[in-house]
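Working notes, structure below.
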Amino acid sequence: MILLRTAHNSRRALQSFGALALLCCTALASCSFVSLPASKSIIRMLGTTSTITIHNAREGANLDRAFQRSFDRITEIHASMSLQEPSSEINKVNNLAGQAAVSVSEDTFLVISAALDVARASGGAFDPTVGPIVNLWDITGKKYLPTAEEVAAVLPFVDYRQVEIDPAARSVKLLKAGMQIDLGAIAKGYAADEVAEVLREEGVDSAIIDLGGNIYVLGSKPDGTPWRVAVQNPFLTRGTYLASYLAVDESVVSSGDYERYFEQDGVRYHHIFDTRTGYPARPSVASVTILAANSSMLADAYATAAFVLGPEAGRQFLESVAGVEGVFVLQNGGLAGTSGVEHSERFRILDESFTWID
Ligand code: AMP
Ligand code: MG
């Protein structure tokens, strides 16, 4: 069931932010009978709650339509790419693994193509064929620690090089039976990009798109100053922030071991996997936050990739990509950032127990 929750004030919208939040004050304005800022949420899409807060729009803009079209777009992307929807295109591709190519929508083809690009660029640290590992561990489900044999048994079915795509037919084929694509690390980012596009078309020039902590800030604050996006402290309860980042027309996306996990015998088993081992990635990192101007989809994928790669290889990887910065929060409380963000005035540390390590 889909529920729409409406909040006509920014405080409630703030409370609904996940890993990241916005620290902002906005003046009330009004536009096409909806008082601004206006915030609405949709739940259970792409495994999360999505909240859109519109802060400013051109005169005469139809904000009800802007919200509705945004949520329709999220629902459409969910219907194509979610593993929770039995009839999704991704499930069709997975069900025909080892048998046949499946023609998919432009959306799905674009996201799978981008996922394979990031897989190649990151040497497989990000791998959209991670599905069999995700299913085996079922991190938020049965809290079951698989045996080493069970983990070893799924590894042969995880390999992005065994995905064949045909742009002419817009089709996707998994070459081995048992393979499964999982777009959980990239689809929310794509949806955020698409919502930004819809909002711009509808005349919105200042808004916050929050897809379960995957934040896209559209434009600046109505007064022309940048948004201040807060970064979750990965060691404390949600809503406790370690830093803030000044952003205009940018994505701020975090991946961390605090998002989904279970603990057994003092070990945390979380939802981001090292596909070489089949176990949750064990870098010295608690979270990675990506700041990206051009694509929330890539920011989402890079956050996951950088988390798996860890601070050294991860930083090197991010430095090789234009328009992308990243901050690693290490397990020991140190911060490591790419050259454009480390010691930058845009990234303000709020909790002095965190410091840059170089
Ligand atoms: P994120 O929170 O964006 O880092 O995405 C995590 C989700 O992506 C997990 O819940 C899995 O569904 C999937 N995933 C886990 N490990 C990987 C990986 N190494 N590459 C790509 N997707 C992954
Ligand atoms: Mg991701």
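The values are calculated or read from the model by the stated rules, or taken from the named source; none is laboratory data. Values in this document were obtained by computation on a predicted structure and should not be read as measured data. Here the Cβ is made from the backbone with ideal geometry for all residues, glycine too, and neighbour counts use every protein chain on show. Heavy atoms of the whole protein, side chains included, go into the accessibility calculation; ligands, DNA and RNA do not. Shrake-Rupley method; radii C 1.70, N 1.55, O 1.52, S 1.80 Å.
Annotation note: of N135, N91, N62, the sole residue that is more than 30 Å from Q316 (Cβ to Cβ) and away from ligand 1 (no atom under 16 Å from the Cβ) is N62. Among the residues of the range 89-101, the one identified as small (G, A, S) and buried (at least 19 other Cβ atoms within 10 Å of the Cβ) is A97.
The number of residues in the range 87-118 that are free of Cβ contacts under 8 Å to residues at least 12 places away in the same chain, within 22 Å of the chain's Cα centre (by Cα) and over 13 Å from Q180 (Cβ atoms) comes to 1. Taking (1) open to solvent by 20 Å² or more (accessible area, probe 1.4 Å); (2) in contact with a Ser or Thr (Cβ under 7 Å, 6 or more places away or on another chain); (3) not small (G, A, S) in turn, L246 satisfies each apart from (2).
Among all residues of the range 207-228, there is at least one that is among the polar types (S, T, N, Q), in contact with a helix residue (DSSP H, G or I) (Cβ under 6 Å, 6 or more places away or on another chain), within 16 Å of ligand 2 (Cβ to nearest atom) and farther than 25 Å from E59 by Cα. Pairing each residue of the range 301-317 that is of a type in the set (D, E) with any residue that is open to solvent by 10 Å² or more (accessible area, probe 1.4 Å) and assigned to a loop (DSSP other than H, G, I, E, B), provided the two are 6+ apart or on different chains, yields no C-beta distance under 8 Å.
Of all residues in the range 219-226, none are buried (at least 24 other Cβ atoms within 10 Å of the Cβ) and out of contact with any Pro (no Cβ under 6 Å at 6 or more places or on another chain).
Annotation note: of G184, G189, G124, the sole residue that is under 24 Å from the mean Cα position of the chain (by Cα), in a helix (DSSP H, G or I) and within 13 Å of ligand 1 (Cβ to nearest atom) is G189.
Annotation: E76 fulfils all but one of (1) closer than 18 Å to V163 by Cα; (2) in a helix (DSSP H, G or I); the unmet one is (1). Within the range 274-285, the set of residues being within 13 Å of ligand 1 (Cβ to nearest atom) and in contact with a strand residue (DSSP E or B) (Cβ under 6 Å, 6 or more places away or on another chain) comprises P280, A281, V285. When I215 is tested against (1) in contact (Cβ under 8 Å) with a residue 40 or more places away in the chain; (2) open to solvent by 10 Å² or more (accessible area, probe 1.4 Å); (3) under 19 Å from R348 (Cβ atoms), only condition (2) is not met.
Put simply, of S251, S244, S206 the only residue that is modelled with pLDDT of 95 or more and within 14 Å of ligand 1 (Cβ to nearest atom) is S251. For the range 318-335, a tally of residues being closer than 10 Å to V288 by Cβ and in contact with a Phe, Trp or Tyr (Cβ under 8 Å, 6 or more places away or on another chain) returns 4. Among the residues of this structure, A115 does not count as one that is in a helix (DSSP H, G or I) and either more than 15 Å from ligand 2 (Cβ to nearest atom) or open to solvent by 20 Å² or more (accessible area, probe 1.4 Å) (or both).
Taken over the range 225-258, the criterion of being closer than 22 Å to S206 by Cα and free of Cβ contacts under 8 Å to residues at least 12 places away in the same chain is satisfied by T225 alone. Scanning the range 262-279 for residues that are farther than 16 Å from R120 by Cβ and at pLDDT 95 or above, which turns out most open to solvent (accessible area, probe 1.4 Å)? Going through the qualifying residues, I end up with Y279.
For the criterion of being in a strand (DSSP E or B), acidic (D, E) and under 25 Å from the mean Cα position of the chain (by Cα), E164 passes. Scanning the range 162-189 for residues that are open to solvent by 50 Å² or more (accessible area, probe 1.4 Å) and in contact with a Pro (Cβ under 6 Å, 6 or more places away or on another chain) yields one hit, Q180.
Of all residues in the range 259-274, those satisfying the criterion of being within 14 Å of ligand 2 (Cβ to nearest atom) and of a type outside the set (D, E, K, R) are H270, H271, I272, F273. Listed by position, the strands (runs of 3 or more DSSP E) contained in the range 205-312 that have at least 3 residues being of a type in the set (A, V, I, L, M) and touching a Lys or Arg at 6+ places or on another chain (Cβ under 9 Å) are 241-247.
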